[in-house]
Structure formats: structure tokens, C-alpha cells
Amino acid sequence: MTQPFTPGPIDEDLWTLTQYLLKCGDLLDALQRQPGEAPQRLPDTVRTGSALYRTSLHTGKLLSQAALSDAATTVDGQEAIAVLRRLTDAIASAAARASDAVSALAHGDTASADRLLEQSRAHLYRTPVAVQDVAAALLRHDGYLYAQQRAARENLGTHSAIAVSEAQRKGLASFARGEGVLHASADGAREVVAPLATPMRATTIDALVDKKLIALTPLVQQGRYGVRLTSVGVQALLSAHPAQRRSPATTAPTPVAPRSTTRRAGARR
């Protein structure tokens, strides 16, 4: 299906960013465990700084793509841009601290280098999770645009008598592209299988089904169902009033440095 809107970052780019962040986190963790004098530590620190610089450039590219797309026309797209902006600031700060650590090691100051590398690592705290948030927000942004297209194509209108919560609105937007798959366990509990970037509580899914906002179609694999918005679901999504996005801080805070990094981020197609 041809998209009549300018696309933002694609899932392959977000996946690449996640891998870059995980690699940078591993490199910084290894540096913090690395013994030795400054000359022995310098090459690996330079390598880590270069990896952070490449990651910073990649993040900036994704931010530019999102900003130049029509993501700003929806609340979810605005959220994706805001998170990408915070990511860009955080990763640039991490790269700067690593560069300062290289300078410190070049002058034999291992104590300052250790402190700077710890600060660099702290800037990467939960950044892979933030990439997952970007993927989820862009998925909802796309879903809203698809719902607009479907409403125009089927002459559905955009008014609905059914009120939905913010969680239900996000669920409808996530399923609007028609790619949703649910798994129902033997006790009737439902969970989202696809899209991957769709964290959703079982109670939210149940509410969408009970309100007849989504239709479930049994798939070949037992216990799995395809998800499609009903006409009422499309109207409910388009008539919902999203929660207003809070203005992001201009700089990313420096949290306590973590010991591990989440290794999963959602994708969008």
C-alpha cells in the first residue's frame, strides 16, 4: 500500500540504534573493569569514544528524519520526536565524556578518566528502552494516519459515542495498521504477539474487545488471533482526545550508572 505521507525512521534504523547502544554499553562496562596504567587503557578508550560518536551521529540522523516527516502532526509522533531529542542529547553527552576520558588518559590521569567513563555510562541509562518507546510511538502515529485513510475510504466519519481511555486509544492506534496478533491462553488471558512495539495490559485488550472496537479472527496457529479495528473502533480512535504531551527537558538528566542494559527494543515496519 502506497503511503501518502512522508515516512520517519524505519524499524531497521531503530534496530541499528539499539545494537549501537548495547555495544557502547558493553564497551564502557569493559573499560570500567579494565585494570592497568593509562597507556594500556588508552586504545580501548579511543575505540569506545569512536563508537559513541558514531552512535550519536546515527541518533541525530533519526531525529532529523522524524522532524522532517509529518510526525509532528500527531501526539504520538510528537512523543517520538521528543524521545529522540532526549536520546540525541544523552548520547552526545556520553560521547563528550568519553572524549574527555581519552584526554585524561593521554595525560596519565586515570582517576579522572574513571570518573568521566562512569558519567558516560550513566548517560546511556535505559537508552535502549527509550528506543523501544520511539518505535511504539511511531507505530501509533502510523496507525492514526492509516485510520484516517480508512475512514475517508469507507466514509466512516470521525465522531463516536464510545469514549476510550488513553491506554485504549494507544491500543487502537497500535492495531490500526491491521498487523496485530493476539495470543489467548487456556484461561482466556490475552496478550499481544505483534507488533512487537505494543506493550499493552490484558485489561486494555479485554476492554477493546468488550466495546467491539476490535475484531478477532482465528489464525492457523492455535490460540492466536488476527486483530482488526472495527468501523466503530476507527471512529473511536479518530474522535479520542489524546493526553497532552509534556514538554521535554532541554538536556537529559544524569542518572545513577546501571550495571546492565536491556537488550530488547521494539521494531516497526
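The values are calculated or read from the model by the stated rules, or taken from the named source; none is laboratory data. These numbers were taken from a predicted model, which means no experiment stands behind them. Neighbour counts are summed over all protein chains in view; Cβ atoms, including those assigned to glycine, are modelled from backbone coordinates with ideal geometry. Surface accessibility is based on the protein's heavy atoms, side chains included, excluding ligands, DNA and RNA. Shrake-Rupley method; radii C 1.70, N 1.55, O 1.52, S 1.80 Å.
Apply the a/c threshold of 1.5 to the C-alpha gyration tensor of region 102-201 and tell me whether it is rounded, prolate or oblate.
Prolate shape, in that a/c is at least 1.5 and a/b is the bigger ratio.
Between region 1-75 and region 177-213, what is the separation of their alpha carbon centroids in Å?
Here the answer is 31 Å between Cα centres.
Which residues among region 196-217 fall inside the zone where the amide N is under 17 Å from a point 7 Å beyond the Cα of Glu154, along Cα→Cβ?
Only 208-217 pass the distance filter.
Only Cα pairs under 8 Å and at least 6 apart count here; give the relative contact order of the chain as a rounded whole percent.
About 24 percent, as a whole number.
With axes computed from alpha carbons, what is the tilt in degrees of helix 127-154 against the longest principal axis of the chain, rounded to the nearest 10 within 0 to 90?
30 degrees
For the ranges 19-29, 182-192, 197-207, 88-98, what's the packing order if you count other beta-carbon atoms within 10 Å of each residue, average per peptide, and put the highest first?
Order by mean packing, descending: 88-98, 19-29, 197-207, 182-192.
Given R₀ = 22 Å, what would the calculated FRET efficiency be for Glu12 paired with Ala202, taking r from the Cβ atoms and rounding to 0.05?
It comes out at approximately 0.15.
For region 6-118, state the semi-axes of the equivalent ellipsoid (square roots of 5 times the eigenvalues of the alpha-carbon gyration tensor), sorted largest first and rounded to whole angstrom.
Largest first, region 6-118 gives 34, 12, 10 Å.
Using the beta-carbon distance between His241 and Glu118 and R0 = 45 Å, what value does 1/(1 + (r/R0)^6) give for FRET efficiency, to the nearest 0.05?
It comes out at approximately 0.55.
At a 1.4 Å probe, what is the % contribution of carbon and sulfur to the accessible area of the chain?
On the chain, the fraction of accessible area on carbon and sulfur atoms equals 52 percent.
Per residue, what accessible area does region 35-124 have, given a 1.4 Å probe and all protein chains present, in Å²?
For region 35-124, the solvent-accessible area averages 43 Å² per residue.
Please state, as a whole number in µm²/s, the translational diffusion coefficient that the Stokes-Einstein equation yields for the chain at 37 °C and 0.692 mPa s, with Rh defined as the Kirkwood radius across alpha carbon pairs.
The diffusion coefficient I find is 162 µm²/s.
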